[in-house]
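Structure first, commentary second.
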Amino acid sequence: MKQITNKISFLIIVSLTMLMGCTSEPGVSVSFDQTSKSLFKGETFSLQLQVSQSINSDEVTWACSNESVISISVQGLTVYVTALADGTANVTASYRNQTAICTINVNVTPDQNGSGENDGYSLVWEDLFDAEILNEEYWNIEVVSHPANSELQYYRRENVSTGTDSSCWRKCLILTAKKENYGSRSFTSGRVNTNGKVAYKHGKVEAMIRFPKTYKGLWPAFWMMGNDYSQVGWPRCGEIDIVEMGNSGGFQTVDKSERFLNGALHWGYYVDGNYPNYGKSSTYSYSVQDGNYHLFTLLWDENSVKMYIDLDKYPDAKAYYSMDITAPDPMPAEPTWDAGEYFHKDFFILFNLAVGGHFPGITKIDAITALNEENNYEAKMYIDYVKVYQKAD
């Protein structure tokens, strides 16, 4: 009888232990990392569900209040939101008795204010690219059969156009790179400049750009050169590379290539095949080739050149490139390698989309994989606008 009693006691203890182990977990709080977000049609952003302790993501219920305005795609505790049409919609994540909500406002037409007239800057020139054809009072469309830098493309007028980006209804300058035989080349693309038409000394220069996927072989750029280029040549004219993408330094992974960008200055003259320059690369925490537009800004004055990304969204962002260009006093009678001698004059603006070359480190046709069957062997660089601001003397 004693043995039976002990067995019953053991069963009761085990049962109580199992019941205690199955009691519900303490309350879990959930929230989004943003409670509201404004998007333009075609833009996508990621929304992160934040939880106070580890949970099973499969138990989270996701919902969209208006599927005609936005679409959602869920991966774990991250939801990717794509703007479809003008309007407002809520994204909701529910876990047991907890709910997180983010309100999405979608505008069909994006603003074109850039970082704005602040810190004493006033707008002095802009091109919004909203005409049916490119304004050739401002722009030269380059035709180049054998470009420099070991590039593989033929620059043609036919690869330069203005039109509407159907992903978001922005009117843009469009440079199109194609894999096609033309002349002696296996690729074509577009390049434009304002040489002899629009040039400024110092100020804030910025452009809103949507880059193509550059991995491997595309080399898009927004840059400037001294307006005396035709008189003194390169690099004595000076060059300001506000942003370049597609460098071989970012080829470790596709993801890194989308976050890896460069800024640079070139100046001086050749000595034994060398000339002075300073370039700097940066790897961002987010993709710059995510299908969205990004603002690139040059701040250029008597003392320095600084370059920024997305100042419209992150006004306190740090410069990804900075260099002192204070002019020597007095200026030397003959040019030296001092950068301060080369960046206090008018510079003109350029946009181009190169294929191959020394920057991506690809000079063989078969090594270009960025133009492929998946993208119909073409890629586009969209420029929504370019603006120049200056301070009053």
Exercise. Tell me, how many Å apart are the Cα centres for segment 76-113 and for segment 161-212?
Worked result: 32 Å
For this session: Place +1 on the Cβ of every Lys and Arg and -1 on the Cβ of every Asp and Glu in the chain, take the dipole about the Cα centre, and give the residue among Ala199, Ile133, Asn107 whose Cα lies farthest towards its positive end.
Result: Asn107
Problem set entry | 20 Å Cα-Cα reach of Lys345 towards aspartates and glutamates, excluding residues that sit fewer than 8 places from it in its own chain | Glu126, Glu206, Asp228, Glu239, Asp241, Asp301, Glu302, Asp324, Asp329, Glu334, Asp393
Exercise. Rounded to a whole number of µm²/s, how large is the Stokes-Einstein D of segment 121-256 at 37 °C and 0.692 mPa s, given Rh as the Kirkwood radius over C-alpha pairs?
Worked result: 196 µm²/s
Problem set entry | Dipole magnitude (debye, nearest 20) for segment 277-393, charges at Cβ of Lys, Arg, Asp, Glu | 200 debye
Exercise. For Lys216, which lysines qualify as cross-link partners when the Cα separation must be under 21 Å and same-chain residues fewer than eight apart are set aside?
Worked result: Lys178, Lys179, Lys256, Lys280, Lys364, Lys380
For this session: Compute the projected area of the convex hull of the Cα atoms of segment 121-180, averaged over all viewing directions, and report it in nm² to one decimal place.
Result: 6.5 nm²
For this session: Report the FRET efficiency, 1/(1 + (r/R0)^6), for Thr336 and Ser145, where r is their Cβ-Cβ distance and R0 is 41 Å, rounded to 0.05.
Result: 0.70
Seminar exercise, completed: Dimensionless Rg/Rh of the chain, both radii on Cα and Rh by Kirkwood, sits at 1.14
Exercise. Using all Cα-Cα distances in segment 240-348, what percent lands in each 5 angstrom bin from 0 up to the longest?
Worked result: 2, 11, 19, 20, 17, 13, 9, 6, 2, 1
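With +1 on each Lys and Arg Cβ and -1 on each Asp and Glu Cβ, and nothing else charged, work out how big the dipole of segment 30-107 is about its Cα centre, in Debye to the nearest 20.
100 debye
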Problem set entry | J(HN,Hα) series, segment 91-107, from Karplus relation 6.51 cos²θ - 1.76 cosθ + 1.60, nearest Hz, glycine and proline x | 9, 10, 10, 10, 9, 6, 9, 10, 9, 10, 10, 10, 9, 10, 10, 10, 10
Problem set entry | Cα pair count fraction exceeding 15 Å, expressed as % - segment 30-107 | 48 percent
For this session: Hand me the GluC sites (Glu not before Pro) from segment 128-213 located in a DSSP loop with no more than 12 other Cβ atoms within 10 Å, in residue order please.
Result: Glu132, Glu136, Glu137
Problem set entry | the chain: angle of helix 2-21 to the longest principal axis, Cα-based, in degrees nearest 10 | 30 degrees
For this session: Please get the size of the charge dipole for segment 74-145, origin at its Cα centre, with Cβ charges of +1 on Lys and Arg and -1 on Asp and Glu, quoted in debye to the nearest 20.
Result: 980 debye
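A short reminder: the numbers here are calculations on the coordinates, not readings from a lab. In this text, all values refer to a predicted model and were calculated from it rather than measured experimentally. When we count neighbours, we look across all protein chains shown, and the Cβ atoms used for this are built from the backbone with ideal geometry, even at glycine.
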